[in-house]
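Below is one structure, written out as structure tokens; the observations come after it.
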Amino acid sequence: MTVASAESGAAVARVSIVYRAGSRNETADNLGASHVLRAAAGLSTKTATTFGITRNLQQVGSSLTATSDRETITYTVAVTKDELETGLKFLEAAATGQVFKPWELADLTTRVKADIARVPTEVEAVESLHKAAFHSGLGNSVFCPGYNAGKHSSETMQHYVAANCTAARAAVAGVGVDHQLLVGFAQSLNLESGSSSESKVDSFNSSEIRHERGGNRAAVAVATQAPGWNSLNECLAGHILQYAAGTGPVTKRGANNGALTKLIGESVASSALYSSYSDNGLFGFVVAGNAKEVGKAVEAGVKGLRSLNVSDADVARGKAGVYSWIAEYLESHGTLAFDLGEQAALLGKIYKKAEILAAIESVSTSDVQAAARKLASGKLAVGAVGNLSSVPYLCSLN
């Protein structure tokens, strides 16, 4: 188990327990298990009831949260340093002692369905894109399929936790906590050793998923395969290219000034997309807007992606965007704790902010242009949701 910590002068300490138990680890038999696991954080455990966890944490002004993505699930407690012992006690209970009582899982169904109902159309398009590109593994949505909501039994959830929430697949991260105290806490966790076997690298597929619906709006996500964090320099070049290509207006009612979004036009909302994972990734764009305009925007976006060319000024703007994103992301102790946990769980090591910024600075214009050329020749995958009457099919885009 990897343990990572960072100092802070704040009065509030944050500690996270992270497992490599995201949705890519689900199988056809338990799709949605990671969503249920996330929603079930704070339910009764082997040592505490839901009421006990809530009452004791609120009594000391603490909060317990759970977040998950395609690769990890993270349990985090934020508590004042003088009440750290109480916070760690209930963090351990919530993250290592799940029991999934049948009646509590039944009550949880409403929350899971509410999460599904709140998914924006644009996010649904990106989820469909992942399914089209990877089919399984990274193709599994972070949201439970609607047909599976309420169908995860206690046995199913216990088996999922036993297989994925083990010491070999875990990390502990803290901000504002003494490192040796954190190491002692990690060693005291009652976790099975388990297997540290990595998820297999998902192969990219050129395919599409279309959800035809009525109305006058549509959202479409188009992407090709891109590097993951295991190729750090290529991944950073991809992020610089994303910001150079454009991530939407930076001011209200502003113009799209990115190298790609400028080509897509102002008739729809658009942004470059780069989803990077430990061993894989997707680079492309997302457009959303009036159904009659989206089809032309998709065609323009694909044409722009195939001929994407960035200048020194574009790369400089892209670097500035990535600098700002990283600096702002790591400025918050909450997201810093999350980032430390993700790196510790997925990479087994920690890149300091100074190291990341130096690596970004070392990326040249030619590196970004090489990344753009590589992406330009890749096959495409498409996820589309809404009124798709004007949206071209994949066969006419590849």
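The values are calculated or read from the model by the stated rules, or taken from the named source; none is laboratory data. These numbers were taken from a predicted model, which means no experiment stands behind them. Because the Cβ atoms are built from the backbone with ideal geometry, glycine has one as well, and the counts that use them run over all protein chains shown. Only protein heavy atoms, including side chains, enter the accessible area calculation; ligands, DNA and RNA are left aside. Shrake-Rupley method; radii C 1.70, N 1.55, O 1.52, S 1.80 Å.
What's the number of the only condition in (1) of a type outside the set (A, V, I, L, M); (2) crowded, with 16+ Cβ neighbours inside 10 Å; (3) under 19 Å from ALA223 (Cβ atoms) that TYR393 fails to meet? Failed condition: (2).
Can you name every residue in region 195-216 that is closer than 30 Å to THR261 by Cα, among the basic types (Lys, Arg) and either at pLDDT below 95 or outside any strand (DSSP E or B) (or both)?
First, the residues of region 195-216 that are closer than 30 Å to THR261 by Cα: 202-216.
Filter once more, so that each one left must be among the basic types (Lys, Arg): 210, 213.
Of everything in region 195-216, just one residue is closer than 30 Å to THR261 by Cα, among the basic types (Lys, Arg) and either at pLDDT below 95 or outside any strand (DSSP E or B) (or both), namely ARG213.
A count restricted to region 266-281 and to residues that are among the charged types (D, E, K, R) and within 11 Å of ALA226 (Cα to Cα) stands at 1.
Remark: ARG253 falls outside the filter, which requires a residue to be modelled with pLDDT of 95 or more and basic (Lys, Arg). Of ALA237, ALA269, all but one fail to be closer than 18 Å to LYS319 by Cα and of a type in the set (A, V, I, L, M); the exception is ALA237.
Residue selection: SER68 satisfies the criterion of being within 30 Å of LEU282 (Cβ to Cβ), among the polar types (S, T, N, Q) and either open to solvent by 20 Å² or more (accessible area, probe 1.4 Å) or without any contact (Cβ under 8 Å) to a residue 12 or more places away in the chain (or both). Only helices (runs of 4 or more DSSP H) whose full extent lies in region 99-194 are considered here, and the ones with at least 3 residues that are open to solvent by less than 40 Å² (accessible area, probe 1.4 Å) and closer than 30 Å to ALA10 by Cα are 179-188.
Out of ALA376, ALA384, ALA345, ALA371, which single residue is open to solvent by less than 60 Å² (accessible area, probe 1.4 Å) and at pLDDT 95 or above? Before the answer, list the steps.
Working: ALA376 fails: at pLDDT 95 or above; ALA345 fails: at pLDDT 95 or above; ALA371 fails: at pLDDT 95 or above.
Step by step, each of ALA376, ALA384, ALA345, ALA371 is checked, and only ALA384 is open to solvent by less than 60 Å² (accessible area, probe 1.4 Å) and at pLDDT 95 or above.
Just wondering, is there one or more residues in region 146-154 that are aromatic (Phe, Trp, Tyr) and in contact (Cβ under 8 Å) with a residue 60 or more places away in the chain?
Start the filter on region 146-154 by keeping residues that are aromatic (Phe, Trp, Tyr), which leaves 147.
Next, from what is left, pick out any that are in contact (Cβ under 8 Å) with a residue 60 or more places away in the chain: none.
No, there is no match, as no residue in region 146-154 is aromatic (Phe, Trp, Tyr) and in contact (Cβ under 8 Å) with a residue 60 or more places away in the chain.
Of the residues examined, ALA244 is not one that is open to solvent by less than 30 Å² (accessible area, probe 1.4 Å), under 15 Å from VAL298 (Cβ atoms) and modelled with pLDDT of 90 or more. Per the listing ALA345, ALA327, ALA359, the residue uniquely under 20 Å from TYR243 (Cβ atoms), out of contact with any Cys (no Cβ under 6 Å at 6 or more places or on another chain) and touching a residue at least 60 places away in the same chain (Cβ under 8 Å) is ALA359.
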